[in-house]
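Rule-based calculations on the coordinates, nothing more; no lab input. Every value quoted in this text rests on a predicted model; they were computed, and no experiment measured them. Every residue, glycine among them, receives a Cβ derived from its backbone with ideal geometry; neighbour counts consider all protein chains shown.
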There are 2 protein chains.
Amino acid sequence: MTRSRPVRADARRNIDALLAAAKAAFADSGVDAPVRDIAARAGVGVGTVYRHFPQRSDLVVAVFQHEVDACTAAAAELAAEHTPGEALARWLRRYTEFIATKRGLAAALHSGDPAFDALPGYFDHHLRPALKSLLDTAVAAGQARPDVDPDDLLPAVANLCFFDDITRPGHARRMVDLLIDGLCRTPRLPSSA
Amino acid sequence: MTRSRPVRADARRNIDALLAAAKAAFADSGVDAPVRDIAARAGVGVGTVYRHFPQRSDLVVAVFQHEVDACTAAAAELAAEHTPGEALARWLRRYTEFIATKRGLAAALHSGDPAFDALPGYFDHHLRPALKSLLDTAVAAGQARPDVDPDDLLPAVANLCFFDDITRPGHARRMVDLLIDGLCRTPRLPSSA
DNA sequence: TGCCAAAGCGGAACATAGTTCCGTATAGTT
DNA sequence: AACTATACGGAACTATGTTCCGCTTTGGCA
């Protein structure tokens, strides 16, 4: 029901190559990277790009969702391989890397282009549960402070990275590390007031 | 010293026509309005546009500053013609109109294009003193509550408008009116903790 | 008033970008 | 092996920013 006819093998290859090429191009040149460049990186013609992604924005959306999925999947993998606190810390750095490749996407998201309307929802719907699970587990194990809300943490880290300044390399990374350090300790004062 | 040679009369006319045409085009189609459209509205050729505004972004910047200037000047005019509270309220609505024509500019401002680096500073440097003066006068006259900071008010109103939803016409206007109503009354509770 | 050099003008032409089209190649089936 | 739906490549078309240059206008000056 989901797929009326199976995708041909060469098409599957090209789609994968295009997603990888687009990811690289967006990281290098921002979301405005020309379609021709992406096609060249993937070793295909522009016609092939448009066969699979009828509009440029479809490619942007696909790469974004692909990376959200990968970042979501990383949560379960890290949880299986590390202590709860370590898994949380590693995932937040992984999430930082994800955000770091989104240069220019923030502007596109707020540009009002309806092509990108679904992205914030996709983002929240997948990443929030992933983080919540890691955080809850870490808190239960006494390896993260209990007074932090995942709904605060996710955009906070994103903001740290979105406004990352080219003139201060590593700034975002340092700030996120700081946040993680704070997160994995108990509050300095009882969080009353 | 400021101008080595005076601007020729026809050039002056065209510059004014271009600023007006660009303002209208930006309001209709956003900051991405094509240069050809703007030239046509102004009744000039594209060459003329580029003579006076070497890059597209220069035209955007010029229109923006032109409108900031007009909005700043309105503060003094309103202060001379109305009671302090009324002048404040009218100016805030005037400011709302200014923001409303900025569709797409917010995204451009945050896109990292260095052409727009100076705009936020220009904005603050001119509009903040204008509002502060109106607000102080209204507070002194007992026509506005004293516990509101102009540095809060200016971005607050801007945010109300920047995220104005096309699907809910008049939303921003209503929210700003609400804000003004609150501003011109005394706090409901002593503004302690 | 008439002349003229500088300043300004218009729009064709160029460069780059998204998108479409179509003749050719190929995967997968019979 | 033959065949057909699917997919491929890239030239061509459209839209947009920008440049160039021959023609026109302005404003000072004789």
- Dipole-positive endmost among A:148, B:99, A:30 within the protein assembly as shown (Cβ charges, Cα centre): A:30
- Message: Pairs on different chains or at least eight residues apart, Cα atoms closer than 26 Å: how many lysine pairs in the protein assembly as shown fit?
- Response: 5
- For the range A:1-79, what class follows from the C-alpha gyration tensor (a ≥ b ≥ c being the square roots of its eigenvalues): rounded when a/c is under 1.5, otherwise prolate if a/b is larger than b/c, else oblate? oblate
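Considering all projection directions equally, how large on average is the shadow of the alpha-carbon convex hull of the protein assembly as shown, in square nanometres?
27.8
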- At 222 nm, what helix-only mean residue ellipticity would chain A give, in deg cm²/dmol to the nearest 500, using -39500 (n - 2.57) for each DSSP H run of four or more? -22500 deg cm²/dmol
- Relative counts (whole %) of C-alpha pair distances in the range B:56-193, using bins that are 10 Å wide: 11, 40, 33, 14, 2, 0
